[in-house]
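The structure under discussion appears below in the form of structure tokens.
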Amino acid sequence: MGKDEIAGINTGTRPISERLRGDRITGDRYYAPEFAKLEWDHMWTRVWHVAGRLSDIPETGDYVVHNFRRESVVVFRQADGSIRAFYNSCKHRGNRLAWSTLGGGELVCSYHGWRWGIDGTLEQVQDPDDFEGGDPCGKLKLSEVAVDTWGGFIWYNMDPNPRPLLDFLDPIPWLFRNRDMENMVRVVWRTFDVDANWKFSSDNFNESYHLPTVHPELATTTDEDYKNTIFEMYPNGHNRMIEQGQPSMRAPHPNEVEQPWDMMLAQWGLDPKDFAGRSRDGRLALQEQRRKLGPQKGYHHYASWSDDELTDYFHHTLFPNVTMTGTADGVHFFRTEPHPTDPEKCTFDYWCLVPKIDGAEEVATIVGMRPLREADYEFIPYGSGQPIPDMMESFLIQDLGVAVGQQNGFHSRGYTDAFLSGQESRVRRFHEVLNDYIEGRR
Ligand code: FES
Ligand SMILES: [Fe+2]
């Protein structure tokens, strides 16, 4: 899809709400096992999933495992550099083969010891002469799964005849074309468990209406006013929201330079005092400074970024469960996935992806300063709100806390549908696309 077409879809004079059907967002969607089954049968088994980063499996034979509900997929790097994905289930009698997220080499089943090669072919069995038709080695293969790559991510699809990945993602790859996603470094790779349905995050990241109440501290750097925010919806169910990186007029002292806007200006050689009484002029000044000083500070990637990408917040919700937020520092990847059996629980992934910066040894992330190198995987128990020490001040914890409370409210007889503002139209749009899958329109 080209730029003009995107503009045509998203910037018409008709309000977004007129393009919605008005499907109800009922509470049972968040807790009923029957609804979770519909999601599995008609949606999860047909959309593309992220298994990992290509950098997870650099060498021949390296593999990454992605578990999704009770399903599991293992993706291997092949000798020719390509990748192949297989269901992580032994063809003998079904035992799971790979148990760790990352590993390497052939898979030896822990039950009867069958050995599977990195191309999914059976290589060794006990008593090969005891099989009708002779030794199954070299003939039997693991069931293969469709796999493809974009943005340095490994994607797979459980549908035997899936829609091509780039077609499914359109126009997301085009919107990220400036950012060289393939070469970004994942400096945070973290999962939490959350006592809420997975859709809380799709809903939450599809609106900025909650910012003044849930994240009031962001007002000194993020203009969340819907009149200044660009909202876009695309045919495939993906959405985008762009907030300008500048103090909000709803901040307590909107024209004054407050913390941490002062530090953001100072970091790029601007004197915060120069912006007293006109704090929002700092946005364009910051764009100019980053453009000018970027190369000498090792930020070579800024050369291909647009001016707005040097200051603003580009939130993309990829249907159904991924959010990628582009900022001047990199890309935040957020994802929820349903619990294997309980629709009232999910996992929440946070990956912080940053460009390489000459000479930089660490970078700022949502969880504090982190070394500028590929991170190890961390699982952090959160559940219904256990404290996470390095995230106490983080907006993510604020969002997760609300999700747990909202999950309770969905059970009330008093809740029958969301009553949405215009700027939350993308929340209803998300549920309508989900219904399109479930009801056979996609
Ligand atoms: S189930 Fe894998 S070898 Fe028997
Ligand atoms: Fe939030």
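The values are calculated or read from the model by the stated rules, or taken from the named source; none is laboratory data. As the structure is a computational prediction, the values presented were derived from the model and not from experiment. We place every Cβ from the backbone using ideal geometry, glycine too, and count neighbours over all the protein chains shown.
Worth pointing out:
- Flag for Q423 being within 16 Å of ligand 2 (Cβ to nearest atom), touching a residue at least 60 places away in the same chain (Cβ under 8 Å), over 30 Å from E34 (Cα atoms) and more than 20 Å from the chain's Cα centre (by Cα): yes
- The strands (runs of 3 or more DSSP E) found entirely in the stretch 121-204 that carry 3 or more residues being surrounded by 21 or more Cβ atoms within 10 Å (Cβ to Cβ) are 153-157, 185-194.
- With respect to (1) under 23 Å from the mean Cα position of the chain (by Cα); (2) outside the structural domain of V433 (by TED's automatic domain parsing), the lone exception for M233 is condition (2).
- A single entry from P272, P254 fulfils the requirement of being modelled with pLDDT under 95 and either over 28 Å from F430 (Cα atoms) or exposed (fewer than 15 other Cβ atoms within 10 Å of the Cβ) (or both): P254.
- Residue among A219, A196 that alone is within 16 Å of ligand 2 (Cβ to nearest atom) and without any contact (Cβ under 8 Å) to a residue 40 or more places away in the chain: A219
- Of the strands (runs of 3 or more DSSP E) entirely within the stretch 356-408, those holding at least 1 residues that are polar (S, T, N, Q) and out of contact with any Gly (no Cβ under 7 Å at 6 or more places or on another chain) occupy 362-365.
- Evaluation of N10 against (1) modelled with pLDDT of 95 or more; (2) surrounded by 15 or more Cβ atoms within 10 Å (Cβ to Cβ) (one fails), failing number: (1)
- Residue in the stretch 119-137 that is free of Cβ contacts under 8 Å to residues at least 12 places away in the same chain and among the aromatic types (F, W, Y) present: yes
- Unmet criterion (only one of (1) away from ligand 2 (no atom under 16 Å from the Cβ); (2) closer than 22 Å to K199 by Cβ; (3) among the hydroxyl-bearing types (S, T, Y)) for Y350: (1)
- Residue in the stretch 39-57 that is among the small types (G, A, S) and over 17 Å from W155 (Cβ atoms) present: no
- Pick from the stretch 235-248, criterion assigned to a loop (DSSP other than H, G, I, E, B), more than 24 Å from F35 (Cβ to Cβ) and modelled with pLDDT of 95 or more, ranking: nearest to ligand 2 (Cβ to nearest atom): S248
- If the condition is being within 19 Å of V50 (Cα to Cα) and of a type in the set (K, R), then the stretch 81-132 contributes only R84.
- Among the candidates F379, F333, residue that is under 23 Å from V187 (Cα atoms), aromatic (F, W, Y) and within 16 Å of ligand 2 (Cβ to nearest atom): F333
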